[in-house]
Structures are given as structure tokens and as C-alpha cells.
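Q: Structure provided below as C-alpha cells; questions to follow.
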């Protein structure tokens, strides 16, 4: 780690065609450094930051250069991140980006790509979508995440945009009661797979300020809409205002907060894998019904403490510690809850830990009728799961699968070779 040899506070106003392009507030050493980083995602619920979670976040930067992004505001994070947490970093720079011109400015692009960590402040997520999506900010953030493997974090709106799917607030915010009474309300504006690509947040939508006001109903409506629109189940992660969920590069989520002094909570929400599991009624202008025997959504509820003792594994969405399972369900626009529920009982589909055997080929993909398996060994067992993890077929010792009667959509094919120590799992698309 490079020691700090110079301390600067620099404030820029850069003008482009008469309009402020960006504003930069700089603290620390102006010389760029390169450090060893670790990817991770820090999700903050929206009130003041949890210091322990922020230390976790900064530690993954390797002591490098920290960028704070926002569309409004100033340098409130600089001294806090630079010297307030006891974690040495080379610099902290806040860049206020409130126009497309700013988002495509060469300096902005350079500073983000040179960073070792990025934190996105609170604000209005629609500003971020309006100013940053499909710009150099967008591509640079995804470069940090997927190529440079740097940590990324955000609070409030900065958390809300971290998932594959996100509530954009393009029209306005929306309450739980509004969203449940009409999941197709004009204010239910959801983006999907067009901004950040965090590998640990595949098919995840997040929500914040989960304690004030209570947002369980609107997140349930968001998940119902995603299920209805994409024909596959999505997952939800939500935080109370003073709670943080920190996810490492292995997909293990730790929950930070002030429990037991304070009632700080996080929630990990998924559609029940027992079929049928789609909403019974998710239609324009009608109240949502997603009941499924009073167990439509399986929710793991976790208290956040200062040592993040409680964990949740996003690789399978089942392995967990320190919390309890709940059922959430909606009838005619009214959400209900059952505490002390059972855990999901089906095989998960988010699987990162299996060996990828490169000498096995599944083709064609997308597939219309016959899926062929090219391999030097005939698979001992083939299992096909639908998008929610339910087993739809199991076969032994074959190298072709007839998928002509399958519904269009995404499936996972698990191939077990020999004594099951060699496994390949591949996503396929059925399209007739």
C-alpha cells in the first residue's frame, strides 16, 4: 500500500457549452495508485452509513483511490471515507454528475476507471438512469465490477440501482398500497438488465428504507411484475434504513447493523419454488393476488449486528444463519405474513460452485426440439430444472433430450458424470 505523501482538497467546476459538466471534490494524494482489489457489493438501507460495513467496503479497495458518485450534493463523504473510519486509502474523490455531458466527460471516465472502489450516494435513482445509463459512467462502472473486480456500494438510490432489475422512479415513487392495488400503475417503472451487471445480483431487485415506510408490499409487487413480464422468478434484497448487506465475491452476504441495541433488519425474498408459483392475478388495473397457499414468497429475515454474525448464501438462496424464514402472500391487494415458516424445499438455480467441464457441449442453444449432448463420456444422470429450481425431468445414460413439449423459457441442465464428482450445469433457452 502506498503511503500518503500529499494531502489536497481540490474543487473543480468544469463548463461545457455553458453548462456545468461535472463538479469534483478531491481529498488525498493526487497521484494515481494501483492496488490489489476484491470485488464485493455494499448495500446500505438509506440513513446514515454503518461504519463497520463501510470499513468492509474500503478494505476491499486495497488502500486505493475511492470514487463517490452523485447527481446532487457535495463532498460530505470525503473526510468520512478518507480519515474517519481508520482504513487507509490513497484518495477520495466525489464527482457530481448531473448531465449527459458530464457522464461522457473524458476526465469522469478516466477517474472512475482508475478507481479501486466506487460508492454511489443517495438521491433520486431516476437522475442516475437519466444521466448515467448508456454513457461512459455506465461502461466504466461495469468495467470496475467485471474486469477490474473492484468493490461497489451504494445507499438509498445508490443501493436501489445495484441489481439486475431496479425500480427507476421514472414517474414518481410509489407506496405499497398503490403498487398492490395495481402492479401496472404508471408509477411502477422497472428497469431490467440495462445498467449495472453485478454478478452476485443476477435476477435480483433491491429496495431500501424498509422500515420507514414499510415497503414490503411494493417490493412484492415489483417481484410479481418481473415474474409476469419475464416469465421467470426474481429475487429481492431489502434493508432497513440503518442496515447494510455486504456481499463478497463468493456470493456470501453479511448483515451489519446495531442489533440488539437497535432493531436493524435485512430481508432476502424469493418466489416459492413449489409449482405453480407465479402470481394468480397480476393484471392491469386489478389488485395483485399472489397467494399460493399462503406461501407465495419465501423470505429470510435477518438482524444486522456490529460483527455481521448472520449470513445468507446467494449461491443457493437457502444456506443461512442467524435469522428465520417467513411467508409473504397477497390476496386482492392486501399483503399478509406468516412467521416461523419453513425454508424452501426445492433445488436452487443460482449455482456458481460446480466444475465447468469444457469438453461437454450442449447444442443447439436456444433449442426448439432436440437438445444434443456432445461429450467424450455419456452422462450418468441428466436433470433439468425450470427457472425457479423445480425439477421437470430426470434421465439416465442418454445424449439427447426431447424438449418439444417444454414451454418457452429458461432452464438449467445439470449433467453428472461418472461418480457425480464431475458436474456441469448450463443454462439453456427453449424457444419454439
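Q: Restricting to the stretch 358-380, name every residue that is surrounded by 15 or more Cβ atoms within 10 Å (Cβ to Cβ), assigned to a strand (DSSP E or B) and at pLDDT below 85.
A: 362, 373
Q: Still on this structure: Looking at residue 406 and the list (1) surrounded by 19 or more Cβ atoms within 10 Å (Cβ to Cβ); (2) modelled with pLDDT under 80; (3) on the phi < 0 side of the Ramachandran plot, which single condition is not satisfied?
A: (2)
Q: Quick check on residue 177: is it at pLDDT 95 or above, surrounded by fewer than 23 Cβ atoms within 10 Å (Cβ to Cβ) and in a loop (DSSP other than H, G, I, E, B)? Steps first, answer last, please.
A: Numbers: at pLDDT 95 or above: yes; surrounded by fewer than 23 Cβ atoms within 10 Å (Cβ to Cβ): yes; in a loop (DSSP other than H, G, I, E, B): no.
No: the conditions fail for residue 177.
Q: Scan (1) part of a loop (DSSP other than H, G, I, E, B); (2) modelled with pLDDT of 95 or more; (3) crowded, with 21+ Cβ neighbours inside 10 Å for the single condition residue 233 breaks and write down its number.
A: (2)
Q: Next up: Among the residues of the stretch 265-294, count how many are within 27 Å of residue 208 (Cβ to Cβ) and not in a loop (DSSP other than H, G, I, E, B).
A: Of the residues in that region, 9 qualify.
Q: Exactly one of these conditions fails for residue 251: (1) surrounded by fewer than 23 Cβ atoms within 10 Å (Cβ to Cβ); (2) within 20 Å of residue 177 (Cβ to Cβ); (3) touching a helix residue (DSSP H, G or I) at 6+ places or on another chain (Cβ under 6 Å). Give me its number.
A: With respect to (1) surrounded by fewer than 23 Cβ atoms within 10 Å (Cβ to Cβ); (2) within 20 Å of residue 177 (Cβ to Cβ); (3) touching a helix residue (DSSP H, G or I) at 6+ places or on another chain (Cβ under 6 Å), residue 251 is out only on (2).
Q: Before we move on, is residue 219 crowded, with 20+ Cβ neighbours inside 10 Å and in a helix (DSSP H, G or I)?
A: When the stated conditions are applied, residue 219 passes them.
Q: Find the strands (runs of 3 or more DSSP E) located wholly in the stretch 112-170 whose residues include 1 or more that are within 16 Å of the chain's Cα centre (by Cα) and under 18 Å from residue 36 (Cα atoms), and list them.
A: Numbers: elements: 117-120, 151-155, 165-167.
Result: 117-120, 151-155.
Q: With the requirement that a residue be closer than 19 Å to residue 290 by Cα and touching a residue at least 40 places away in the same chain (Cβ under 8 Å), what does the stretch 208-227 give you?
A: The answer is 216, 217, 218, 219, 220, 221, 222, 223, 224, 225, 226, 227.
Q: I'd like the full set of residues that are surrounded by fewer than 24 Cβ atoms within 10 Å (Cβ to Cβ) and touching a strand residue (DSSP E or B) at 6+ places or on another chain (Cβ under 7 Å), limited to the stretch 96-106.
A: Scanning the stretch 96-106 gives 96, 99, 101, 105.
Q: Tell me, which residue of the stretch 180-192 that is assigned to a strand (DSSP E or B) and without any contact (Cβ under 8 Å) to a residue 60 or more places away in the chain is farthest from the chain's Cα centre (by Cα)?
A: As a first pass, look at the stretch 180-192 and keep what is assigned to a strand (DSSP E or B): 190-192.
Going one step further and asking which of them are without any contact (Cβ under 8 Å) to a residue 60 or more places away in the chain, we end up with 190, 192.
Working: 190: 14, 192: 11 Å.
Among those residues, the one meeting the criterion is 190.
Q: Name the one entry in 307, 281 that is out of contact with any helix residue (DSSP H, G or I) (no Cβ under 7 Å at 6 or more places or on another chain) and either in contact (Cβ under 8 Å) with a residue 24 or more places away in the chain or within 30 Å of residue 149 (Cα to Cα) (or both). Let's see the steps before the verdict.
A: Details: 281 fails: either in contact (Cβ under 8 Å) with a residue 24 or more places away in the chain or within 30 Å of residue 149 (Cα to Cα) (or both).
Every option except 307 fails the conditions.
Q: Only one of these is surrounded by 24 or more Cβ atoms within 10 Å (Cβ to Cβ), in contact (Cβ under 8 Å) with a residue 40 or more places away in the chain and in contact with a helix residue (DSSP H, G or I) (Cβ under 6 Å, 6 or more places away or on another chain): 165, 170. Name it.
A: When all the criteria are applied, what remains is 165.
Q: Further question: Do you know which of the residues in the stretch 193-216 that are part of a loop (DSSP other than H, G, I, E, B) and farther than 29 Å from residue 147 by Cβ is modelled with the lowest pLDDT?
A: Looking at the filtered set, the residue picked out is 213.
Q: Identify all residues within the stretch 319-338 that are modelled with pLDDT of 95 or more and part of a loop (DSSP other than H, G, I, E, B); write none if there are none.
A: The answer is 322, 323, 332, 333.
The values are calculated or read from the model by the stated rules, or taken from the named source; none is laboratory data. Every value quoted in this text rests on a predicted model; they were computed, and no experiment measured them. A quick note on method: Cβ atoms are made from the backbone with ideal geometry, for glycine too, and the neighbour counts reach across all protein chains shown.
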